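In what follows, a structure is listed as structure tokens, so that the remarks can point back to it.
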Amino acid sequence: MDLGLKDARVLVAASSRGLGRATARQFSREGASVVVNGRDAAELEATASAIGQETGNRVFAAAGDLTVPDDVARVIEQAVHHLGGLDILVTNAGGPPPGSFETVALEAWEKAFHLNVMSAVLLIRGALPYLKQSDRAAILTITSVSVKQPLDNLILSNSVRMAVAGLTKSLAFELGPDGIRVNSILPGWTRTERVTELMTDRAARQGITVEEAIGRQAAGAPLGRMGEPEEFANVAVFLCSPAAGYVHGAMIPVEGGSIRTTL
Ligand SMILES: NC(=O)c1ccc[n+]([C@@H]2O[C@H](COP(=O)([O-])OP(=O)(O)OC[C@H]3O[C@@H](n4cnc5c(N)ncnc54)[C@H](OP(=O)(O)O)[C@@H]3O)[C@@H](O)[C@H]2O)c1
């Protein structure tokens with residue numbers, strides 16, 4: 001199937017590693033021009049150059065901290081400068097730290113709100129004027145299975161991601177008339193650097209090895225394993241592509257069947 005992404009202009013936020021990186025790489029493999037983002041400029045440059053070398057397509061780095069409004073504005077400005085406009089925006093960021101209601105510090109709530117909610121708000125606000133000029137505009141937010149089913153010891157993620165799900169669904173109604181499709185992916189446990197960090201934290205708390213923690217978590221999904229970043233990226237790129245032209249306002253789980261609800 002031709003996804004219709006050749007020469008599409010794409011900004012994937014928070015994409016030097018993990019789900020974002022895999023998504024940027026897959027867009028590039030489909031012939032899109034891509035801007036990647038992260039705070040660590042050296043790691044980001046390495047990612048941009050690795051993807052560009054592999055695919056032969058244009059990949060640019062726009063470093064910036066998505067919790068800082070001026071940085072987000074600069075990232076958008078650089079993306080538009082490099083790409084000559086914008087067709088697709090993927091909002092992503094790091095994840096908030098693990099913890100329960102009683103262990104998480106009060107300040108961590110506000111930080112999580114800025115990291116996961118306001119970053120999406122700022123990115124979408126900045127990108128909107130350019131997306132409105134595109135004839136294949138799409139926004140994809142990355143949330144979590146936690147919007148359907150809370151995850152143990154992740155009170156911050158369980159709480160703040162609900163706001164992004166609400167934002168996504170609301171924007172589908174507000175921006176649909178402008179021809180901008182808006183969807184979200186709810187990833188389940190996928191083997192990225194963040195998950196390794198979370199499993200390291202869990203292993204230390206439970207007195208087991210990291211591999212044991214990963215194995216126990218993976219056993220909770222019907223497929224009996226965690227997902228790979230490429231499996232997430234394939235769905236992300238499809239959802240943003242003209243091939244998914246009638247998929248709008250959807251919350252798509254990519255979680256190996258782990259959510260225990262029928263609808
Ligand atoms: N992997 C999973 O199983 C899973 C499941 C559900 C939800 N999620 C969520 O999906 C998102 C991505 O997860 P991941 O596993 O890919 O995480 P990851 O491996 O830790 O990668 C996070 C990426 O975001 C960048 N980043 C972090 N904070 C940033 C900031 N303030 N400004 C700009 N860039 C920032 C990081 O680069 P720098 O550090 O250089 O900035 C890195 O490129 C997270 O919100 C996570 O909670 C993941």
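The values are calculated or read from the model by the stated rules, or taken from the named source; none is laboratory data. Predicted model, so just to flag it, every value in this text is computed and none were measured. Cβ sites come from the backbone with ideal geometry, for glycine too, and all protein chains shown count toward neighbours.
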Residue in the stretch 145-159 that is within 30 Å of K6 (Cβ to Cβ) and of a type in the set (A, V, I, L, M) present: no
Helices (runs of 4 or more DSSP H) contained in the stretch 176-243 and holding at least 3 residues within 13 Å of the ligand (Cβ to nearest atom) and farther than 30 Å from L131 by Cβ: 193-206, 210-219
Residue list for the stretch 1-20, filter: over 23 Å from Y130 (Cβ atoms), part of a helix (DSSP H, G or I) and not hydrophobic (A, V, I, L, M, F, W, C): G18
Candidate set from the stretch 86-105 (those that are closer than 20 Å to R181 by Cα and not hydrophobic (A, V, I, L, M, F, W, C)); member that is nearest to the ligand (Cβ to nearest atom): N92
Residue in the stretch 72-85 that is touching a helix residue (DSSP H, G or I) at 6+ places or on another chain (Cβ under 8 Å), over 27 Å from F238 (Cβ atoms), more than 16 Å from the ligand (Cβ to nearest atom) and in the same structural domain as L123 (by TED's automatic domain parsing) present: no
Total residues in the stretch 129-160, condition out of contact with any helix residue (DSSP H, G or I) (no Cβ under 7 Å at 6 or more places or on another chain) and either near the ligand (Cβ under 10 Å from one of its atoms) or not assigned by TED's automatic domain parsing to the domain that holds V247 (or both): 1
Breaking point among (1) closer than 23 Å to V34 by Cβ; (2) of a type outside the set (K, R); (3) touching a helix residue (DSSP H, G or I) at 6+ places or on another chain (Cβ under 6 Å), for V235: (3)
Number of the condition not met by T261 [criteria: (1) polar (S, T, N, Q); (2) in a loop (DSSP other than H, G, I, E, B); (3) in contact with a strand residue (DSSP E or B) (Cβ under 7 Å, 6 or more places away or on another chain)]: (3)
Given (1) surrounded by fewer than 17 Cβ atoms within 10 Å (Cβ to Cβ); (2) of a type outside the set (V, I, T); (3) touching a strand residue (DSSP E or B) at 6+ places or on another chain (Cβ under 7 Å), index of the condition E230 fails: (3)
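Matching residues to (1) aromatic (F, W, Y); (2) out of contact with any Pro (no Cβ under 8 Å at 6 or more places or on another chain); (3) on the phi < 0 side of the Ramachandran plot; (4) buried (at least 24 other Cβ atoms within 10 Å of the Cβ):
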{"position": "L3", "(1), (2), (3), (4)": "no, no, yes, no"}
{"position": "S15", "(1), (2), (3), (4)": "no, yes, yes, yes"}
{"position": "G20", "(1), (2), (3), (4)": "no, yes, yes, yes"}
{"position": "A50", "(1), (2), (3), (4)": "no, yes, yes, no"}
{"position": "A63", "(1), (2), (3), (4)": "no, yes, yes, no"}
{"position": "V80", "(1), (2), (3), (4)": "no, yes, yes, no"}
Filter pass, R39 being within 14 Å of the ligand (Cβ to nearest atom), closer than 23 Å to V121 by Cβ and under 18 Å from the mean Cα position of the chain (by Cα): yes
Matching entry among G257, G179, G249 (being without any contact (Cβ under 8 Å) to a residue 40 or more places away in the chain and either at positive phi or buried (at least 16 other Cβ atoms within 10 Å of the Cβ) (or both)): G257
Of the criteria (1) basic (K, R); (2) closer than 23 Å to R25 by Cβ; (3) surrounded by fewer than 16 Cβ atoms within 10 Å (Cβ to Cβ), which one R191 fails: (3)
Qualifying residue in the stretch 149-169 (condition: charged (D, E, K, R) and modelled with pLDDT under 95): yes
